[in-house]
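I'd like to ask you about the structure that follows.
The values are calculated or read from the model by the stated rules, or taken from the named source; none is laboratory data. In this text, all values refer to a predicted model and were calculated from it rather than measured experimentally. All Cβ positions, even for glycine, are placed from backbone atoms using ideal geometry, and neighbour counts span all protein chains on display.
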Amino acid sequence: MIRILLADDEDLTRGALAALLGLEPDLTVVAQAPDGPTAVEAATRHPIDIALLDLEMPHLDGISAALAIHRHRPVPTVLVTRHARPGVLRRALAAGIHGFVPKTTPATRLAAILRDVHDGGRYIDHQLATHALTETPCPLTPRELDVLRAVHHGQAISALATEHHLAPGTVRNYLSGAITKLAVRTRHEAARRAWEEGWI
């Protein structure tokens, strides 16, 4: 049996998906989680062979949760998403994600993808891959992305500076650089643009 950790913040979606995967003779959902931190904690408590994570979850997104899970238990991870922004694919691949599928994928196809990934394969939705190959590269530095990610989550500059061990003026400089590169007016517009492009 392939033992699955399933994380999705929508109870109905998570329950339906667990029930559908449970109909497969070789798949079993051994743990469920409504958010990223709970998924990471569940991965440390349950013997799992693969993690199936929603990309957009509260407190910790699917990519960040996958990275944390891999530190405890290096299992293959498949992300599912309703908003398949091309830039997210690059982040997911850089994080070592093994599969990336839209939520419109039929359950039987998802089951086949999970088997392939469990056997060492990878799966990327072909439409998303096509878009990712033709998208404009991200012009922002890793540090600029860090501060925009914090802005996107509502962090104040002072808290952001403390978390990243930076002076508040340095954080403002990173934000100013990002605003200039993206040709927007405010840090919130810059964060929104970075999120829409899938860079954060």
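Would segment 56-75 turn up any residue that is in a strand (DSSP E or B) and more than 20 Å from Gln127 (Cβ to Cβ)? Write out each step before concluding.
Within segment 56-75, the first condition is being in a strand (DSSP E or B), and the residues that meet it are none.
Within segment 56-75, not a single residue is in a strand (DSSP E or B) and more than 20 Å from Gln127 (Cβ to Cβ).
Among Leu114, Leu175, which is buried (at least 19 other Cβ atoms within 10 Å of the Cβ), part of a helix (DSSP H, G or I) and in the same structural domain as Leu53 (by TED's automatic domain parsing)?
Numbers: Leu175 fails: in the same structural domain as Leu53 (by TED's automatic domain parsing).
Sole residue among the options that is buried (at least 19 other Cβ atoms within 10 Å of the Cβ), part of a helix (DSSP H, G or I) and in the same structural domain as Leu53 (by TED's automatic domain parsing): Leu114.
Among the residues of segment 183-200, write down those that are in a helix (DSSP H, G or I) and either modelled with pLDDT of 95 or more or crowded, with 20+ Cβ neighbours inside 10 Å (or both).
Residues of segment 183-200 in a helix (DSSP H, G or I): 187-197.
Within segment 183-200, Arg187, Ala190, Ala191, Ala194 qualify.
With (1) without any contact (Cβ under 8 Å) to a residue 60 or more places away in the chain; (2) in a helix (DSSP H, G or I) as the list, and Gly87 as the residue in question, which single condition is left unmet?
(1)
Given the conditions (1) in contact with a strand residue (DSSP E or B) (Cβ under 7 Å, 6 or more places away or on another chain); (2) of a type in the set (S, T, N, Q); (3) surrounded by fewer than 16 Cβ atoms within 10 Å (Cβ to Cβ), and given that Thr108 satisfies all but one, which numbered condition is not satisfied?
(1)
To continue, here is another question. Report every pair of residues separated by at least 6 positions or lying on different chains whose Cβ atoms are under 8 Å apart, first residue within segment 45-69 and without any contact (Cβ under 8 Å) to a residue 24 or more places away in the chain, second buried (at least 17 other Cβ atoms within 10 Å of the Cβ) and not aromatic (Phe, Trp, Tyr).
What qualifies is Arg45/Ala31.
Here are Thr44, Thr38: which of them is of a type in the set (Val, Ile, Thr), surrounded by fewer than 15 Cβ atoms within 10 Å (Cβ to Cβ) and in a helix (DSSP H, G or I)?
Working: Thr38 fails: surrounded by fewer than 15 Cβ atoms within 10 Å (Cβ to Cβ).
Matching residue, one of Thr44, Thr38: Thr44.
Against the definition (basic (Lys, Arg) and surrounded by 13 or more Cβ atoms within 10 Å (Cβ to Cβ)), how does Arg91 come out, yes or no? First the steps, then the outcome.
Numbers: basic (Lys, Arg): yes; surrounded by 13 or more Cβ atoms within 10 Å (Cβ to Cβ): yes.
In short, yes.
Of the conditions (1) part of a helix (DSSP H, G or I); (2) under 21 Å from the mean Cα position of the chain (by Cα), Gly154 fails just one. Which one is it?
Single failed check for Gly154: (1).
Any idea which of Thr130, Thr141, Thr108 is among the hydroxyl-bearing types (Ser, Thr, Tyr) and either over 22 Å from Leu89 (Cα atoms) or touching a residue at least 40 places away in the same chain (Cβ under 8 Å) (or both)?
Values: Thr130 fails: either over 22 Å from Leu89 (Cα atoms) or touching a residue at least 40 places away in the same chain (Cβ under 8 Å) (or both); Thr141 fails: either over 22 Å from Leu89 (Cα atoms) or touching a residue at least 40 places away in the same chain (Cβ under 8 Å) (or both).
Residue meeting the stated conditions: Thr108.
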